[in-house]
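These notes concern the structure reproduced below.
Quick note: the coordinates plus some simple rules give every number you see, no bench work behind them. In this text the structure is predicted, and so the values were computed from the model without any measurement. Here the Cβ is made from the backbone with ideal geometry for all residues, glycine too, and neighbour counts use every protein chain on show.
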Amino acid sequence: MEMKTVDSNIHLDVEAIRLNFPILTKKVNGQTLVYFDNGATVQKPIAVIDAINDYYSHYNANIHRGVHTLSREATELFEQARQTVAAHFRVVNPQQCIFTAGTTDGINMIAQGLAKSILKPGDEILLTAYEHHSNILPWQLWAHENGGVLKVIPLLSNHSLDIDSISTLITAKTKVIAVTQVSNTLGLITPLEPLLKLAKQHGIITVIDGAQAAPHLPVDLTALNPDFFVCSAHKMYGPTGIGLLYMREQWLKTLPMAKTGGGTIKTVSFEKTEYAEGALRFEPGTPHIAGAVGFAAALKFMNAVGVSNIYQHETELVNEAQHQLLQLPEVEIYGQSEHKAGVISFNLKNAHPFDVGTLLDKYGIAVRTGHHCTQPLMQLLGIQGTVRASFAVYNTKAEVHHFIEKLKRVIHLLA
């Protein structure tokens, strides 16, 4: 099926967009699927599925070191994908865009690299109170092993980040500020500009977890200019198992490698190894070639729709759902705001989120329940978990209204 393109200057034709997603016709428990679990992973358009199938059907070969035709063609597709990723994120030098296994892999590569060259015992790292575990555990592991200190940027009463507190947390030992651009649980958008400005003034390394931002917001990495940025393709209409690690050009040569192997080298002897330059230095072994091809196809899909259009549409869905939920006295919303990126977290009073999610599934509605890999945030909120509804460009207001109708039934069943 050919992708239906959308003029970025007109209101989205969501029904046309939905035609690109074959899974949306699936029946779940006899009901048409309503997929509101996009924060965990988003569904894939046929253009991405076809691109991966086409690669394996016509171009499959290992890359970079082969002289035969298939290898050269596969290498060209892989490097074209890197250029597509760079252009999408407004990165001038594609070599700053390194393919990883995903956000978690990218953060671990950064943390392990900095641990070898920058971080010293007693150094401090600033995180936010609503970080995903993937942006806590690598830093926590280093801190436990090296006498480091993790400091937490607190939240305000409305659950947004207390940006003003950052200056009071920074000391001469603060080496890294690692923050999510969008909370995967609350959907709240972190105001990066003042944070990045403050970090630059103090010479602090910045790491941006863009896993939940990149699917929803235009991200201009040249304008933001963090030291590092990571995201995952599978949350951006692409395949699982591949993601982006962006780094400033200075780090291409100076960040120690967390992993080595074939593909990262120029020459090897038992006495000495000379490593490759640019992105290849950080891409050992056979990469997820088909994943890179699929990632590029996903970004082309997003740009055909228009990332700003995606954000506007999803904001309308969030605000409509939030408005409807606020009419239900049994519902408590966390991080209530009109400035979110595709996510609402809530609970029914006196009901476990697992029970709510299970009953909604009976109506074909997929939501995520639990702590969403943000257990420190759950502890701060004094709850075990939430029900999370998260939206994508193919979701509709009709689905939101259907969700609210069935949620009312769930409320009655759990009363």
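Values as computed for the structure displayed
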quantity	calculated
Relative contact order (%) - criterion: Cα under 8 Å, at least six apart; region: the range 50-304	24 percent
Charge dipole magnitude, Cβ of K and R +1, D and E -1 - the range 10-164, Cα centre, debye nearest 20	300 debye
Cross-link pairs Lys151/Lys408; Lys120/Lys253; Lys26/Lys340 - those with Cα-Cα distance over 32 Å	Lys151/Lys408
Rounded to 5, percent antiparallel among DSSP beta bridges of the chain	60 percent
Within the chain: Cβ-based charge dipole about Cα centre, in debye rounded to nearest 20 (Lys, Arg +1; Asp, Glu -1)	520 debye
For the range 182-192, 3J(HN,Hα) per residue [Karplus equation, 6.51 cos²θ - 1.76 cosθ + 1.60, θ = phi - 60°, Hz, x = Gly/Pro]	9, 5, 5, 8, 9, x, 5, 9, 6, x, 6
Nearby aspartates and glutamates by direct alpha-carbon distance to Lys397 (threshold 20 angstrom, same-chain neighbours under 8 apart not counted)	Asp13, Glu15, Asp37, Glu314, Glu316, Glu320, Glu338, Asp361, Glu405
Size descriptor, Kirkwood hydrodynamic radius, that averages inverse alpha-carbon separations across the range 135-230, Å	14.1 Å
Sorted by Cβ density within 10 Å, fewest first, the residues Trp139, Trp251	Trp251, Trp139
Projected area averaged over orientations for the range 36-156, convex hull of C-alpha atoms, nm²	11.5 nm²
The chain: most fluctuating residue of Asn347, Asn146, Asn38 per GNM, C-alpha cutoff 10 Å	Asn146
Computed over the chain, Cα set: Rg, Dmax in Å	22.0, 72
GNM flexibility winner over the chain from Leu126, Leu186, Leu328 (Cα, springs under 10 Å)	Leu328
Span from the the range 75-133 Cα centroid across to the the range 300-341 one, whole angstrom	28 Å
For Thr396, net neighbour charge (Lys/Arg +1, Asp/Glu -1) across residues whose Cβ lies under 12 Å away	-4
Extreme residue, positive dipole direction of the chain, given options Val400, Phe270, Pro215 (C-beta unit charges)	Phe270
Burial ordering of Ser390, Ser134, fewest other beta-carbon atoms within 10 Å first	Ser134, Ser390
Gain in span if fully extended, Glu332 to Gln375, counting 0.36 nm per residue against the direct Cα distance	13.6 nm
Neighbour-count ranking [beta-carbon atoms within 10 angstrom, fewest first] of Cys97, Cys231	Cys97, Cys231
